[in-house]
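Contents: one structure, followed by commentary.
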Amino acid sequence: MALLKVDNLTISIGGSKVAEDVSFAIGKGQRLALIGESGSGKSVLIGAILGLLPEKAVVTGTMSFDDQPMPADDAGRTALRGRRIGVMLDQRGRGLAPLRTVAAQLRDRLAATTGDPAAQLPELLRDVGLDPAAVECYPDALSPGQQRRVLLALALASKPDLLIADDPVAGLDVIDQRQILDLILKHCTERGMSLLVASHDLKALAMLSTKVVILRGGKVVEAGEKQDVFGHPKHEFTRAVLSAGRHRARTLMRTPIGGALLDVRNVSRHYAVGVPLLDRRPPLVAVDAVSLSIRLGESIALIGPSGAGKSTLLRIVAGLERATSGELELEQMVYHGSDLPRALRHLIAFVFPDPVRSFNPRHTVGESIAEPLQLEMQKSVDELGARIVEAVNAVGLPADVLTRLPGDFSVAHLQRLAIARALVTRPRLMVLDDPIARLDVAARGDVLVLLNRLRADFGLSFLIAAHDLDVVRVVADRVLVMHKGRIIEAATPAQLLEKPQQPLTQQMVAAQLPDVGIVPVF
Amino acid sequence: MTEASGLRRSTADANLMLLRVGVVASLLFLLLGFVSILWTPYPAGSLDVAAAMQDPSGVHWLGTDQLGRDVLSLMMKGILTSFVVAAVAVAIGALIGLPLGLGAALLGPYVDLAVNGVSTYLMALPAFVMAVLLAALFGPSAATLMVGIGIANIVSLALATRHAVVKTSKHDYVAAARLAGASGLDLVRHHTMPIVARAIVAQGVAQLAFGIIAEATLSYVGLGVQPPATSLGLLLRDAQPFSLAKPLLLAVPGVVILLIVIALNLTSAQLRDAVAADLAGDDSGPA
């Protein structure tokens, strides 16, 4: 008996098909994952099931819920949504009303579904691991992990038969991510709740699901029980997705690690809070007396929960911000961040976390990539032109992309181009602020492999911030763990993954999600 | 091709349509106003009491008023005056508001605090009150009207400029350019100014519409343009005593004001949406 059954569902919006002939069924207690790259139709399918698509969307095919045909009118859908179907769509706390306390919103939800908020609120909070004292506040006072728990509580308030979650752990750090996944799984197994979940995080989906549907361009590529699909993927695309999810370290020839390149000594960064002059609150300490040194050819990963000060430290190193105290030394020159001497700027390159925002949408990518070359005006035009082409080729793209606008590229290609821009001045040190955070699973692996190759080819040093331990495993020689502005642990990747010392590090390592499928034999 | 981009495209088409309608209509009215400098069907000031209060005919397309003046000619002159008043007021606003906004955005938190503070007080004093004040001090005239509306424009243009510069300079690509060794001037020229200029044009068009309304309102109550010059607001005022006998006299300037303001607001609303997308950094071009 299928709880939710979708047959030959085709959705077109504005004349273009965004989902085509999709069929699947979820039985009671089954957990189905929709897997696919961004734009493969996952969210549209969920929207169609919930009846939340824009009016101009044309949906054909049949859907049934608990052996009844899915009601076509909005009133019928509303009766299901939030009652028999729990919904967790909104990310980053956007699903919470900003001007009501979290507790009030949870009580409203309970009152709308079961009737006795006072009795059930404590239980609901316990179910999602929230402290009753923590919810007597407005949503913006909660951490991202807590906000996500509240969203989960709102979805579970009616004790639904089916939970639909679209990217339930997007943007969370490893520890929060694992806890939310564990919670969802616990509710599914304890109450026999069914689950429909979509994400592009393969490991999260593998952990949650019993059945999978692999989507590509709105079509089902492969579907079935999880162990069958992951164990014996039939379709080439599935195999590609699975292998991309497993970032393997490529032991390429590396340039030997040399002498000191950059020294960071006791660097702190404070931010004033509130209105200048009028506010007497203590400043916010983003980076607190951090010292580290990077040797030539070395790759250092900086990991830690969000808000640990990783980005601020990287921005100081790259010369985007000024340290409040402390100093940095590069090539026997001392600087404090934004006063990095112009003559040294070409030695340090910076890669932003969001490639889309790091390109001016009105300039061709060629213009943007060429921009750093003004640091080396003494070189001949021919040489600089050759540099641009070399940089673009090095990241695996042809030179004719240079005349196109950023909007023509996928996020993954833009991140490659951003790396090309970073390469163009032939830097010694490349500073990367979570370079894979905005990428699909497939693109993540590619970028990490690319970084490793570039490091070998160009003799680069890396300073990489990441919230994902995969990065650590693939590209780092040394790992620094940052928490509340301080470096709390330094280790080699092997040490860190096997014998983490600090409680936070232990939590992070323990929160790693298991690998997906079978390990291929090469 | 995702759901979102399909929707975006069709709304983008509709928006482009609205923008075209707005721009074309605004330009047509402006043209009508400019033509009146060189030619009107009748000299706008010429009285012909014998032909007073005529209905529209082949001779007088929109009829004549109580003094026998040709309404079409008056309307054309009036459009010109209204546009000139509104445009000079925008120019005054831009001349002072632009540097203020740039200063607030670029010269550190204290200048910012000062500009924002002064703007807040100026905003609390509506343009109309300001214009009444100026008219009381210097006597009502087109000039005091321009200055009064202009002062109101200073605030909105300063704030729009500040907002655009602050938002633009927060973009990662501006930071990337700074790392790439671009000087302050380069940054402004290549990355900041193109967007800021669009933001200011959008705000300027909105203020133009505001100026047209303000001119009409203040001239209507006698605090603006004085006879023998004419403006859309003055035409309304002149027509009022005859509004029952000859509603057309009231309708012509009224409808013209309405259409001009709608045309300008259509234009500015579409421009503003485009600018908002630029500022948010969402506009990744044709995806």
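The values are calculated or read from the model by the stated rules, or taken from the named source; none is laboratory data. Note that this is a predicted model, so its numbers are computed, not measured. We place every Cβ from the backbone using ideal geometry, glycine too, and count neighbours over all the protein chains shown.
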- Set A:Arg362, A:Arg387: member being on the phi < 0 side of the Ramachandran plot, within 13 Å of chain B (Cβ to nearest Cβ) and of a type in the set (Lys, Arg): A:Arg362
- Count of the stretch A:403-419 residues which are of a type in the set (A, V, I, L, M) and over 22 Å from the mean Cα position of the chain (by Cα): 1
- Counting only residues that are touching a Lys or Arg at 6+ places or on another chain (Cβ under 8 Å) and touching a residue at least 24 places away in the same chain (Cβ under 8 Å), how many does the stretch A:201-222 have? 8
- Task: May I ask you to say which residue of A:Gly14, A:Gly95, A:Gly61, A:Gly41 is under 18 Å from A:Val213 (Cα atoms), buried (at least 16 other Cβ atoms within 10 Å of the Cβ) and at pLDDT below 85?
- Result: A:Gly41
- For helices (runs of 4 or more DSSP H) lying entirely in the stretch B:169-287, having 3 or more residues that are away from chain A (no Cβ under 12 Å) and within 21 Å of B:Ile154 (Cβ to Cβ) picks out B:193-220, B:247-280
- Message: Going residue by residue through the stretch A:276-286, is there one that turns out to be surrounded by 14 or more Cβ atoms within 10 Å (Cβ to Cβ), under 26 Å from the mean Cα position of the chain (by Cα) and at pLDDT 80 or above?
- Response: yes
- Taking the stretch A:136-163 and keeping residues more than 23 Å from A:Leu196 (Cα to Cα) and more than 26 Å from the chain's Cα centre (by Cα) leaves A:Glu136, A:Cys137
- Query: So which residues in the stretch A:308-350 are in a helix (DSSP H, G or I), buried (at least 18 other Cβ atoms within 10 Å of the Cβ) and either within 12 Å of another protein chain (Cβ to nearest Cβ) or touching a helix residue (DSSP H, G or I) at 6+ places or on another chain (Cβ under 8 Å) (or both)?
  - Reply: A:Ser311, A:Leu314, A:Arg315, A:Val317, A:Ala318, A:Arg345
- Item | Positions within the stretch A:54-86 being closer than 22 Å to A:Lys159 by Cα and either within 14 Å of chain B (Cβ to nearest Cβ) or of a type in the set (Ser, Thr, Tyr) (or both), in sequence order | A:Ser64, A:Thr78
- Taking the options A:Glu376, A:Glu367, name whichever one is of a type in the set (Asp, Glu) and in contact (Cβ under 8 Å) with a residue 24 or more places away in the chain. A:Glu376
- Message: For B:Gly108, only one of the following conditions fails: (1) within 14 Å of chain A (Cβ to nearest Cβ); (2) free of Cβ contacts under 8 Å to residues at least 24 places away in the same chain; (3) surrounded by 20 or more Cβ atoms within 10 Å (Cβ to Cβ). What is its number?
- Response: (3)
- Within the stretch B:50-83, track down each residue that is without any contact (Cβ under 8 Å) to a residue 24 or more places away in the chain and either under 17 Å from B:Ala245 (Cα atoms) or under 28 Å from the mean Cα position of the chain (by Cα) (or both). B:Ala51, B:Ala52, B:Gln54, B:Thr64, B:Leu67, B:Gly68
- Message: Given the criterion more than 29 Å from A:Ala343 (Cα to Cα) and modelled with pLDDT under 90, identify the matching residue among A:Asp408, A:Asp434.
- Response: A:Asp408
- Note on the structure: Of those in the stretch A:365-383 that are farther than 18 Å from A:Leu402 by Cα and part of a helix (DSSP H, G or I), the residue farthest from the other protein chains (Cβ to nearest Cβ) is A:Glu376
- Message: Given the options B:Gly45, B:Gly33, B:Gly68, name the one that is more than 14 Å from chain A (Cβ to nearest Cβ) and either in a helix (DSSP H, G or I) or touching a Gly at 6+ places or on another chain (Cβ under 8 Å) (or both).
- Response: B:Gly33
- Of (1) among the β-branched types (Val, Ile, Thr); (2) buried (at least 21 other Cβ atoms within 10 Å of the Cβ); (3) without any contact (Cβ under 8 Å) to a residue 60 or more places away in the chain; (4) closer than 25 Å to B:Ala209 by Cα, B:Val90 fails just (3)
- Which listed residue, of A:Leu4, A:Leu32, is part of a strand (DSSP E or B), under 25 Å from the mean Cα position of the chain (by Cα) and away from every other protein chain (no Cβ under 14 Å): A:Leu32
- Note on the structure: Expected output for the stretch B:185-210 (first residue farther than 22 Å from B:Ile260 by Cβ, partner assigned to a helix (DSSP H, G or I) and aromatic (Phe, Trp, Tyr), Cβ below 7 Å, 6+ apart or cross-chain) is B:His191/B:Tyr173
- Message: Would you confirm, using the coordinates I've provided, whether A:Thr78 is surrounded by fewer than 18 Cβ atoms within 10 Å (Cβ to Cβ) and at pLDDT 85 or above?
- Response: no
- Message: modelled with pLDDT of 85 or more, surrounded by 18 or more Cβ atoms within 10 Å (Cβ to Cβ), assigned to a helix (DSSP H, G or I) and small (Gly, Ala, Ser): is that true of A:Ala48 in this structure?
- Response: yes
- Note on the structure: Of those in the stretch B:188-201 that are farther than 17 Å from B:Ile96 by Cα, buried (at least 18 other Cβ atoms within 10 Å of the Cβ) and of a type in the set (A, V, I, L, M, F, W, C), the residue modelled with the highest pLDDT is B:Ile195
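Quick grid of which residues meet (1) farther than 30 Å from A:Lys56 by Cα; (2) at pLDDT 75 or above:
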site: B:Ala12; (1), (2): no, no
site: B:Leu16; (1), (2): no, yes
site: B:Gly22; (1), (2): no, yes
site: B:Ser46; (1), (2): yes, no
site: B:Ala51; (1), (2): yes, no
site: B:Pro56; (1), (2): yes, yes
site: B:Asp65; (1), (2): yes, yes
- Note on the structure: Flagged pairs (Cβ under 6 angstrom, 6 or more apart or on separate chains; first in the stretch A:126-139, in contact (Cβ under 8 Å) with a residue 60 or more places away in the chain; second in a loop (DSSP other than H, G, I, E, B)) are none
- From A:Glu321, A:Glu331, A:Glu298, which residue is of a type in the set (D, E, K, R) and either on the phi > 0 side of the Ramachandran plot or touching a Phe, Trp or Tyr at 6+ places or on another chain (Cβ under 7 Å) (or both)? A:Glu331
- Task: Output yes when any residue across the stretch A:366-379 is buried (at least 16 other Cβ atoms within 10 Å of the Cβ), within 27 Å of the chain's Cα centre (by Cα) and not hydrophobic (A, V, I, L, M, F, W, C), and no when none is.
- Result: yes
